Amino acid sequence: MPATTPTPAHESARCLVRERIGSDAKSGHYPVPHRYRLHLSLSCADGLRVAITHALLGLADTLPVTLLPAPPDEGPERAALRAAYQATVHGYQGPASSPALTDSWTGRLVSNHVPDLLVDLSLRFRAAGRPELRPAGLAAEIDALTVRCERDIAEAAQLAGEADAGAAGERALDVLLATLAEFDRRVAGSSFVLGETLTAADVELWVALVRLDTAHRCHLGADAVHRIAGHPALWAYARRLCALPAFGGQLRLAELARAHEHCCRGLEAAGAAVQIVDWTAAPHVLTR
């Protein structure tokens, strides 16, 4: 498949590489066991999405993962990823951002574009007997739900929690609550958000709910958090998925909190004390 030329370091602080995994040896990059390596941090939403997808697809034995420390730590793992960036773009001095897929045959970066990575993992690497996370007939619905999770949950919660947002913050909270109410109705009558089969849409929604409760909640008022919590089917769905090893097994609450403290400049609000889900109740979650 044709590759998108990486953006030179002097044009962008973050280099975006978007080569794709093809279906056979005629492709420059094709799925071979142990050829590639994922680099990701479980302290960020994108890393969590990729890690859950990797676990659901049963790729532990064929596509190894290097876990990166939560910011601001660098560590040798980040240095190894930086070397792949420098091998890919001459003179690159920008951040070694993750998630990223590297090629051990060339030492170069294949992709750090998360939507591409999630699609290629699901379509090119899935182990036999593992769930089909992107069924062809549901691809458009999955993509639409992905947009809504980012725009109408994450971005809306972010704006609603800004101290000086005013009327825009109130409208954002209304959007957030309406979106949660819709998803609450969906999962009230189904095992998963798109029906009775687990798909990539469930990964997107679950990670959005984790972010909402572990990060965005900290900047919302207590009344807003109580209204957010008032969607019992949706939060029961979140707890149910958390009990699955592929979901809860990727959750690192201390790393999420550390990354949030490092990156966030917002003020803590009364909602910080109103926890919606006890994520530690799931057997696979690590709290340290």
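For the chain, what is the calculated [θ] at 222 nm in deg cm²/dmol (nearest 500), taking -39500 (n - 2.57) for each run of four or more DSSP H residues and dividing by its residue count?
-13000 deg cm²/dmol
A simple spin-label model places the labels of residue 188 and residue 61 4.4 nm from each other, with each point 7 Å out along Cα-to-Cβ.
Simple spin-label estimate for residue 273 and residue 140 gives 4.9 nm between the two label positions (7 Å along the Cα-to-Cβ direction from each Cα). For segment 104-129, list residues with backbone N below 19 Å from a point placed 7 Å from the Cα of residue 25 toward its Cβ? Zone members listed by number: 104-106, 125.
Using unit Cβ charges (K, R positive; D, E negative) and no other charged atoms, how large, in debye to the nearest 20, is the dipole of the chain about its Cα centre?
Here the size comes out at about 700 debye.
Charging the Cβ of each Asp and Glu at -1 and of each Lys and Arg at +1, and nothing else, the dipole of segment 44-182 about its Cα centre rounds to 580 debye.
Once the dipole of the chain is set up with Lys and Arg at +1 and Asp and Glu at -1 on Cβ about the Cα centre, which of 25, 276, 38 lies farthest towards its positive end? With unit charges placed on the Cβ atoms, the residue in question is 25. Among 242, 218, 149, the ranking by other beta carbons within 10 Å of each residue's beta carbon, starting with the fewest, stands as 218, 242, 149. For the chain, give me the percentage of DSSP beta bridges that are antiparallel, rounded to the nearest 5 percent. Approximately 70 percent, going by the DSSP bridge assignments. Its Cα centre serving as origin, segment 136-281 has a Cβ charge dipole (Lys and Arg +1, Asp and Glu -1) of approximately 280 debye. Any chance you could give the angle, 0 to 90 degrees and rounded to 10, that helix 232-242 forms with the longest Cα principal axis of the chain? It is inclined by approximately 30 degrees. Projecting the Cα positions of 129, 48, 75 onto the charge dipole of segment 1-130 (unit charges on Cβ atoms of Lys, Arg, Asp and Glu, taken about the Cα centre) puts 129 furthest along the positive direction.
Within the listed set 230, 195, 169, the Gaussian network model of the chain (springs between alpha-carbon atoms below 10 Å) gives the highest mean-square fluctuation for 195. Note on the chain: with a GNM built from Cα contacts shorter than 10 Å, the maximum mean-square fluctuation among 72, 99, 245 falls on 72. Each of residue 226 and residue 284 was given a label point 7 Å from its Cα along the Cα-to-Cβ line. The distance between the two points is 3.5 nm. Multiplying the residue separation of residue 123 and residue 150 by 0.36 nm and subtracting their alpha-carbon distance yields 7.5 nm.
No lab work stands behind these numbers, since they all come straight from the coordinates. For clarity, every value in this text was computed on a predicted model and none was experimentally measured. With ideal geometry, Cβ positions are generated from the backbone for all residues, glycine too; neighbour counts draw on all protein chains shown.
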